[in-house]
1. Going through the stretch A:204-242 one residue at a time, which ones are closer than 27 Å to A:Asn312 by Cβ and aliphatic (A, V, I, L, M)?
2. Go through (1) open to solvent by 80 Å² or more (accessible area, probe 1.4 Å); (2) more than 8 Å from RNA strand B (Cβ to nearest atom) one by one and return the number of the condition A:Pro746 breaks.
3. Scan the stretch A:316-368 for residues that are away from RNA strand B (no atom under 15 Å from the Cβ), open to solvent by less than 40 Å² (accessible area, probe 1.4 Å) and among the acidic types (Asp, Glu) and report the count.
4. How about the stretch A:663-685: which of its residues are part of a helix (DSSP H, G or I), within 11 Å of RNA strand B (Cβ to nearest atom) and either among the β-branched types (Val, Ile, Thr) or surrounded by fewer than 21 Cβ atoms within 10 Å (Cβ to Cβ) (or both)?
5. Taking the condition open to solvent by less than 90 Å² (accessible area, probe 1.4 Å) and either in a strand (DSSP E or B) or within 15 Å of RNA strand B (Cβ to nearest atom) (or both), does A:Val730 pass?
6. For the stretch A:1-50, give me each residue that is among the polar types (S, T, N, Q) and more than 16 Å from A:Leu527 (Cα to Cα).
7. If you scan the stretch A:424-438, which residues turn out to be open to solvent by less than 10 Å² (accessible area, probe 1.4 Å) and assigned to a strand (DSSP E or B)?
8. What number goes with the only condition from (1) among the basic types (Lys, Arg); (2) in a helix (DSSP H, G or I); (3) within 15 Å of RNA strand B (Cβ to nearest atom) that A:Arg413 does not pass?
Amino acid sequence: MDYSKKIDKKWQARWDKEKVFNAKTQGDRRPKYYCLVMFPYPSSELHVGHARNYVIGDAVSRYKRMQGFNVLSPIGWDAFGLPAENQAIKHKIHPREWTLKNIQRIKEQLKSWGIGYDWPREIATCQPDYYKWTQDIFLKLYSKGLAYRKEAQVNWCDSCKTVLANEQVVAGKCERCSSEVIQKDLRQWFFKITDYAQRLLDDLSLLGDWPERVKLMQENWIGKSVGVEINFPVQDSKTILNCFTTRIDTIFGATFLGLSWEHPAIAELIKDSPNKKEIELFIEKVRNQPQSARLIDSFQKQGVFTGKFALNPLNGKKTPVWIANYILPGYGTGAIMCVPAHDTRDFEFAVQYKLDIVEVIRAKDKSGAPKTVSEVYEGEGIMVNSGQFNGLSSEQGKEKISDYLQENKIGKRAVNYKLRDWLVSRQRYWGAPIPIIYCESCGEVAVPDKDLPVVLPEVKEFLPTGQSPLTYIDKFIKTKCPKCGKAARRETDTMDTFVDSSWYYLRYISPQEKKTAFVSSDVNNWLPVDQYIGGVEHAILHLMYSRFINKFLMDQGLIDFPEPFKKLFTQGMIVKDGNKMSKSKGNVVAPDYIIDKYGADIMRLYILFMGPPEKDAEWQDEGLGGCFRFIQRALKLVDMLAECSQNSQSQPNVQEKELLRKIHSTIKEVTRDLEGNFQFNTAVSRVMELVNQVYKGINQATLGKEVLGQAVKTVFLLLSPFTPHISEEVNQILGNKESIFKSSWPLVNEEYLKEEEVEIAVLVNGKVRDKLKIDVSWSKQEVEKKALSLEKIKNALQEKAPKKTIYIDRKIVNIVT
RNA sequence: GCCGAGGUGGCGGAAUUGGCAUACGCGUCGGUCUCAAAAACCGAUGAGGGCAACCUCAUGCGGGUUCAAGUCCCGCCCUCGGCACCA
């Protein structure tokens, strides 16, 4: 038989008609399995790199279906947001049009690859019946004080003309357009994700089936530090400087205090200073420095003395207060105690401005104050020059001093996180409007539930100006206050796309639901997602936001599971010529020509076969040819089977026995590959081996119809998650009426795996010298005796007497002299 | 700088977790078919040496443990990813 595109179309239509992929969320007795792929962002058509995600997801869901699970595999569109809007502007069309066009195109692509989705559950985040509920979740957060507006220094991309979340700034540049991100003081909307920092950290331990590296990335991003806050009173002033430190054991070495340039106490400290002008100039200079300037190695530590001294609360020592450019305003209290002897950053600063350096922690092999940066000891040790705490270890010192601070009310134990609140407002058009109204007399008012959704109005101009385009739509802005009925105006910012995608996996369960975002009881039955599949680029952004929203919804009693995604698989990128595929590099591999030349199954097979799915892989067109030849070879067996007239004997002959063993060992290994961490590449190669062995038997004309039939059937059953169209066709040719995906995954018959005779390696002093066929019933002594009688072994031994022999059952025998 | 992943033929990559390194595929070479080419099929293919049977050396480098190491331990080198003055 030949494989042609007709076969693809034929089976795609059949699957649709027979609703093979439409799950019943209620009343199905089979165990549920929710297989979710990260939904596509429709800003352009898909290439083979994208295809990997969907092909893997499809292979998993088809496999699980054959294993007897009630599988849910939905799809939708992450359809709001900057990339679509930017593309639309570039092509001079409305973002909606652009997006819907792409959705149409991608849908065709996914269908032509035979990816089996539950299409009636399709959702798009840009549709009012979806974003109504995004707004609803916003208001739920708002009512709990977890969505709030504040004036803050925020990341601003001047090319995209909008603010960005911390997570969307990569090395000081905009994640989307790579232009320099600057800091602006703006009034913006935030989600209080920091309230969940500890739980987001703790619950990583519930995620046993997540890749370790993703959990580590989240852990680092949350960045928990345990320490103390300590008060330094300033001389001749009412000001008290509160510093956070994780190394309170070094307090006696604090020779100066450092303030960030935004510290609120600065104005008070310098108000009478003769150098006021100079200090203000310095602050202005630092404030205007771009973020990326701090990332380069040559970044110069600079500072200015305030003229004030603070008193060390432990020894009363006078400590100069400086303002320094290396102290971050957004972390801790924005003020630190600086210990140059035990912190390289403080050391560099101290050297530059000739400040004191006092050793207070003695390392095993070092002593004395450091003279160069490399001598700075940052580890723990024994406390010295530390008054009553001398002789304690750092660990004991931390405890003792923390107690001392609490008792004397000059400080307290404290915890800090690097995680910042999630900035969710955007000054752009293509997003869900933030459902808030401003009233002169009532202030900030939530849009009542009955008025949702706040529909995104049609506009003609959506070019970014730094103001949301909605600002110019009078009809949209002008409204009435829901509380007092007076004239009021609407919030004009839209929400970050990551808000849309932080809950979509809940909507799939009841996508048409009109009364609520999701039906709790159904969601509780179907979630958490059993298998989530997507790119590692979402390790922090989407996956952290979703975990946060999930926890929030649990706290509201709306769902009963703490984590949304039980198991996570992050597939590697497909690269071409060593580079990520991109239009600008001109190295995009579009799937159309592959489908045209070879058909969908060959592309699917190659994508799965090209390498371990979690690793990056280099696309090579030649690899497709290999998969094509393999399928041709396998299909030829179907014809050979039809023509085979050789009836099997009642007892299988030697080759048939071997083939039966191979069939069942292949089932066993392929199943193990799929059950483990989706080792599709080895699964495919094992089926290739099986086919190779069938050919050996056929060439020797030793295979009867019965065994050959079993082999052919097994080959295509095992391949069916990977090459579904071909497998369906063969399944039909073999006389089955039902879809192969309604049949069950083959089972191993252990009987066939039993061997009477095996070949083992015979080693002399660890080196293989010969092979030996043994009967599995033989004892060690018998094997040893046989091995010693081999010519090659005698030669290798050269008359030396064996000292001992190691026999590993059915594997090797090693003779040691 | 800190954290993580990895380094195996000409290439993509296997190796049941300490037990026959290089499965499977690509590529290359040789053969069959053909006027010829392509396709297809069959065979060979880690490196070096030898007429040969065979021998020696090979999993980034250097040590170690073991009857046995790609796999375990110690010390380096290199590549890729994340974070980046977080006190």
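1. A:Val226, A:Val228, A:Ile230, A:Val234, A:Ile240, A:Leu241
2. Just one mismatch for A:Pro746, condition (1).
3. Residues meeting the conditions: 1.
4. Those that are part of a helix (DSSP H, G or I), within 11 Å of RNA strand B (Cβ to nearest atom) and either among the β-branched types (Val, Ile, Thr) or surrounded by fewer than 21 Cβ atoms within 10 Å (Cβ to Cβ) (or both): A:Ser665, A:Lys668, A:Glu669, A:Arg672, A:Asp673, A:Asn681, A:Thr682, A:Val684, A:Ser685.
5. no
6. A:Ser4, A:Gln12, A:Asn22, A:Ser43, A:Ser44
7. A:Ser425, A:Pro433, A:Ile436, A:Ile437, listed by residue number.
8. Failed condition: (2).
The values are calculated or read from the model by the stated rules, or taken from the named source; none is laboratory data. The structure displayed is predicted, hence computed values, not measured ones. Please note: Cβ atoms are built from the backbone with ideal geometry, for glycine as well, and neighbour counts cover all protein chains shown. With ligands, DNA and RNA removed, areas are computed over all heavy atoms of the protein, side chains included. Shrake-Rupley method; radii C 1.70, N 1.55, O 1.52, S 1.80 Å.
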